[in-house]
Amino acid sequence: MLKHLPTEMKHGNGFETTCNHSLPLVQPGKKSWTSKWMKVLPAPFIFLLTFQAAQAQDPELKAITSPVIKTQDTTIRKLVEEMQRITDNDKTNSNAIQALLQGKEIDNMSKYDLIKNNIINASETYYLLNKKIIDLKSRTTTNNLDVFITSLNNPESKALGFSLSDRIVELVEKIILKNKSDKGEKNSKIVESTKSIINSPIFQSFTSLTPPLAIANSVMNFLHSVSVNNKQINQKSLQDFEKELNKYVVYYTALNDANQKFEYGLNFNKDQLSLLQDNLFDHLSFTATSLKFPAPQKGNKPLSQTMNEYFYEFKKEKVVEYFGQLETKYTKNKRIDYESLLRENPNLKEVNNQLEDLVLQTKRFENLYNEYFTLLDSYYTKVNNSLKIAQDNGLADKSIIDNKQAEFRNLKTDAVQEIQASINIRELYSNTEKIKYRYRIF
């Protein structure tokens, strides 16, 4: 490379220059920009710049290939790569932070929407559940079905082609008095006393359960007591009378058993509905006070009346209005601050997280509702069995029994349809399904 240098630079230890022109004066207060950068730039970088400048001035130097600088030995390359890495990391971190902030806002908004929709739907569920509890509590059967059962169990009724009262008198005259009721004062008194027992006001006050059985038992006791002083009434006559009377007793006992078990089942069902309504009242009180609504007060009124009156205040429209006011309060720059709203109103989360109990109460009602129809099915079976006993014992013709069973089946079907239409359990199902109670908010 030295052979390309000027002649003056080939000899001697330094550079010697000759110039016929005077050099300009250098002002001491100013330094070349080059001198400043010389202090801060690395030596390899200065060498590279000097070499490129020489190439630009000497065309022959352009032919010389630039030296290859290995990456591991190059400070500049390392600095550039490090700066690029830092820039890329900053960009990635910035995007991640923005995503987290946006995600947090969306998360809070989603939580709030879930809570809001759950509580609004719950307010309607409270109303529907209470209404249906009251309706089911008031049910026994339907009027037509009650009339049918009462007629079967009435000693004076001839629903099956006979009257128990008349049959008992006939049996007394035929078996006890040997068809001699009109002969002798004692006989006539026995018949009159028997009629008096049957028509006793005590038995007349029994409307549905035990009149036939009570009458039969009283008549038997009366005849046994009379037989002590009346030699005409012997043990065989009493046994024959009791045998015939028992055919009716067995029928009425089966019918009475059906009535009693149905009545017991209904009372138990009502007790459970009352307990459920108490639990509903407590849950409603918690939700109402948490939302700053006035709490319901039991007072001296029946609970059903208290609940009905309270739903004039605590209803779906009022709850929707409550959330509207809440959103207005936390709106800033036309955006709802969901984070502050949830943080400053922790009661909303608590109400939402307690809604599972309300859903369980609706399921308890569904069970009691289904149990009612199970009771009705069982009752239907038992009444039909009692009618079959009446047929088997020869108390009524098969055609009459068949007609009564068909009538009972139709009345039972009508009763089921009437209760189902009145309570409309599907309405409760649909509303309860809107409550996403499995999503708890923390």
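The values are calculated or read from the model by the stated rules, or taken from the named source; none is laboratory data. Because the structure is predicted, anything quoted here is derived from the model rather than measured. So basically every Cβ, Gly included, is an ideal-geometry build from the backbone, and we count neighbours across all protein chains shown.
The lone criterion from (1) assigned to a helix (DSSP H, G or I); (2) of a type outside the set (D, E, K, R); (3) surrounded by 14 or more Cβ atoms within 10 Å (Cβ to Cβ) left unmet by Thr374 is number (3).
Is at least one residue of the stretch 253-271 under 23 Å from the mean Cα position of the chain (by Cα), in a helix (DSSP H, G or I) and touching a residue at least 40 places away in the same chain (Cβ under 8 Å)?
Narrowing the stretch 253-271 to residues under 23 Å from the mean Cα position of the chain (by Cα): 269-271.
From what's left, in a helix (DSSP H, G or I): 269-271.
After this cut, where a residue has to be touching a residue at least 40 places away in the same chain (Cβ under 8 Å) as well, the list is 269-270.
Taking every residue of the stretch 253-271 in turn, at least one turns out to be under 23 Å from the mean Cα position of the chain (by Cα), in a helix (DSSP H, G or I) and touching a residue at least 40 places away in the same chain (Cβ under 8 Å).
For the stretch 410-442, the set of residues classified as among the aromatic types (Phe, Trp, Tyr) and in a helix (DSSP H, G or I) consists of Tyr429 only.
So in the stretch 421-436, with the set limited to residues that are among the polar types (S, T, N, Q) and under 15 Å from Asn117 (Cβ atoms), which one is surrounded by the fewest Cβ atoms within 10 Å (Cβ to Cβ)? Spell out how you get there, then give the answer.
Just the residues of the stretch 421-436 that are among the polar types (S, T, N, Q), to begin with: 422, 424, 430-432.
Keeping just the survivors that are under 15 Å from Asn117 (Cβ atoms) gives 430-432.
Working: Ser430: 11, Asn431: 17, Thr432: 23.
If we take residues in the stretch 421-436 being among the polar types (S, T, N, Q) and under 15 Å from Asn117 (Cβ atoms), then Ser430 is surrounded by the fewest Cβ atoms within 10 Å (Cβ to Cβ).
If I filter the stretch 88-147 down to residues being assigned to a helix (DSSP H, G or I), under 30 Å from Tyr372 (Cβ atoms) and modelled with pLDDT under 90, which single residue comes out as farthest from the chain's Cα centre (by Cα)? Checking each candidate, the answer is Val147. Whether a residue is touching a residue at least 12 places away in the same chain (Cβ under 8 Å) and either over 30 Å from Val319 (Cα atoms) or not charged (D, E, K, R) (or both) was assessed, and Leu275 does not pass this test.
Kindly provide the set of residues from the stretch 282-301 that are outside any loop (DSSP other than H, G, I, E, B) and in contact (Cβ under 8 Å) with a residue 24 or more places away in the chain, ordered by number. Steps first, answer last, please.
Quick first cut of the stretch 282-301, residues outside any loop (DSSP other than H, G, I, E, B) only: 282-290.
Scanning the stretch 282-301 gives His283, Leu284, Phe286, Thr287, Ala288, Ser290.
Checking each residue in the stretch 321-343 for being part of a helix (DSSP H, G or I), in contact with a Phe, Trp or Tyr (Cβ under 8 Å, 6 or more places away or on another chain) and either under 30 Å from Gln420 (Cα atoms) or free of Cβ contacts under 8 Å to residues at least 24 places away in the same chain (or both) picks out only Ser340. Does the stretch 349-357 contain any residue that is acidic (Asp, Glu), in contact with a His (Cβ under 9 Å, 6 or more places away or on another chain), surrounded by fewer than 16 Cβ atoms within 10 Å (Cβ to Cβ) and assigned to a helix (DSSP H, G or I)? Yes: one or more hits.
Between a first residue in the stretch 369-380 that is closer than 26 Å to Leu128 by Cβ and a second residue that is outside any helix (DSSP H, G or I), which pairs have beta carbons less than 8 Å apart while being 6 or more apart in sequence or on different chains? Filtered contacts from the stretch 369-380: Tyr372/Arg139; Leu376/Thr141.
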